[in-house]
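Colleague: Dropping a structure here in structure tokens format, bear with me for questions.
Just so it is clear, none of the values below were taken in a lab; they were calculated from the coordinates. Source: prediction; values computed, not measured. Positions of Cβ are backbone-derived with ideal geometry, glycine not excepted, and every protein chain shown enters the neighbour counts.
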Amino acid sequence: MNIHSGPVRYRTIWISDIHLGTRGCKAEFLLSFLRATESDHLFLVGDIVDGWRLRRSWYWPQAHNDVVQKLLRKARKGTRVIYVPGNHDEALRDYVDNHFGGVEVVTNWVHPLADGRRFLVLHGDEFDGVVRYARWLAFLGDHAYTFALSLNHWFNVARRRLGYPYWSLSAYLKEKVKNAVEYISSFENAVADEARRRGVDGVVCGHIHKAEIRDIGGIAYCNDGDWVESCTALVETLEGRLEIVHWAREHDRHLGQKVLEPAW
């Protein structure tokens, strides 16, 4: 698929952790993805707007407003848009079961795939011990993460000037830290356990900014990633296959084919 050709149609698209209102948000990448795709269902799986950051300092460039307008336009044109708030946009949890501009706000959702499998959709912060039981530590970590994203931004400015494609330094550093790896593993297992408890076939979440599709004890665990580091989305094809789209690679390389992880 060429990114300048007509939109590619999916049955379902999941995106999360956009963090509108922060300098780390890759709004331009997301806009190009939204323009290049269409779907029957579009899930916003939390942390779409970063309320934590906006309370400290206001940052809202035109590209962030364009993302909101594009999402609302999709809802007006017939896409079913479902918003599952996360911890950074937790204020919206006071408005679950309401509609805003055609966007449904829910706590979580069970989505049936085209092949009959049922997937629980949630942000995932309720299974993060740091966010749930040590909120002050979560805010401290948020400051450190902001610094890593700032470093990531200038690192990629230099790469672009040298003719290299986008590459996430912050994601690479996170992969190399042992404690982060252990935390991610514990989170994934906890989310899979909840899906098992709910009697569904799989789970789709965000929160940890690590896109992945894998089996955890018979549960299909899917994380749609983020739009501050990896610029990824989870998609369901018209036949019910699940794939991860790595849009940063597509956007930078202008290749003829999307870079996908194995289908499920």
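Colleague: Once phi is turned into θ = phi - 60°, what whole-Hz ³J(HN,Hα) does the Karplus curve with 6.51, -1.76 and 1.60 give for every residue of the stretch 12-24, x standing for Gly and Pro?
Modeller: 9, 10, 10, 9, 8, 6, 7, 6, 4, x, 10, 6, x
Colleague: May I ask you to evaluate 6.51 cos²θ - 1.76 cosθ + 1.60, the Karplus curve with θ = phi - 60°, for each residue of the stretch 100-113 and list the ³J(HN,Hα) values in order in whole Hz, giving x for glycine and proline?
Modeller: After applying 6.51 cos²θ - 1.76 cosθ + 1.60, I find 10, x, x, 9, 8, 9, 9, 6, 7, 8, 10, 10, x, 6 Hz.
Colleague: Give, in nm to one decimal, the length gained when the segment between ARG159 and LEU31 is fully stretched (0.36 nm per residue of separation minus the Cα-Cα distance).
Modeller: Gain in length upon complete extension: 43.9 nm.
Colleague: Could you list which residues have their amide H under 5 Å from that of VAL110, counting only those 5 or more apart in sequence or on another chain, with H placed in the peptide plane?
Modeller: Residues meeting the criterion, in which the H sits 1.01 Å from N, are VAL121.
Colleague: Among ARG73, ARG11, what is the fewest-to-most ranking by other Cβ atoms within 10 Å?
Modeller: Listed from fewest to most nearby Cβ atoms, that is ARG73, ARG11.
Colleague: Cβ under 10 Å from ILE18's Cβ, ILE18 left aside: what net charge do those residues give with Lys, Arg +1 and Asp, Glu -1?
Modeller: So the environment of ILE18 carries a net charge of -4.
Colleague: Under the rule of at least 5 residues apart or a separate chain, name every residue whose amide H is placed under 5 Å from the amide H of ALA233.
Modeller: VAL245, TRP247
Colleague: Amide H to amide H, which residues 5 or more places from LEU20 or on other chains are under 5 Å from it, using H placed in the peptide plane?
Modeller: So LEU20 has HN proximity to VAL49, ASP50.
Colleague: Using a 10 Å cut-off on Cβ atoms, rank the peptides 96-102, 196-202 from the highest mean neighbour count down.
Modeller: 196-202, 96-102
Colleague: Now for a separate question. Of VAL67, VAL96, VAL121, which is farthest on the positive side of the dipole of the stretch 1-128, counting Cα position, with +1 on Lys and Arg Cβ, -1 on Asp and Glu Cβ, and the Cα centre as origin?
Modeller: Positive-end residue among those listed: VAL67.
Colleague: Give me the one-decimal nm value for the distance between modelled label points at ARG197 and ASP215, 7 Å along each residue's Cα-to-Cβ direction.
Modeller: Computed distance between label sites ARG197 and ASP215 equals 2.4 nm.
Colleague: Continuing with the same structure: Could you check the spin-label model distance between VAL106 and ARG93? Points 7 Å from the Cα along Cα→Cβ, value in nm.
Modeller: Calculated label separation equals 1.8 nm.
Colleague: Given 0.36 nm per residue, what is the gain on full extension from ARG76 to SER185 after removing their alpha carbon distance, in nm?
Modeller: 35.4 nm
Colleague: I would also like to ask the following. Suppose the chain between TRP58 and LEU238 were pulled fully straight at 0.36 nm per residue; how much longer would it get relative to their current alpha carbon spacing?
Modeller: Full-extension gain reported as 60.8 nm.
Colleague: Using unit Cβ charges (K, R positive; D, E negative) and no other charged atoms, how large, in debye to the nearest 20, is the dipole of the stretch 35-100 about its Cα centre?
Modeller: The dipole magnitude comes to about 280 debye.
Colleague: I've got another one for you. Whole-Hz ³J(HN,Hα) for each residue in the stretch 73-82, computed from phi via Karplus 6.51 cos²θ - 1.76 cosθ + 1.60 with θ = phi - 60°, x for glycine and proline: what do you get?
Modeller: 5, 4, 4, 5, 8, x, 6, 7, 9, 10
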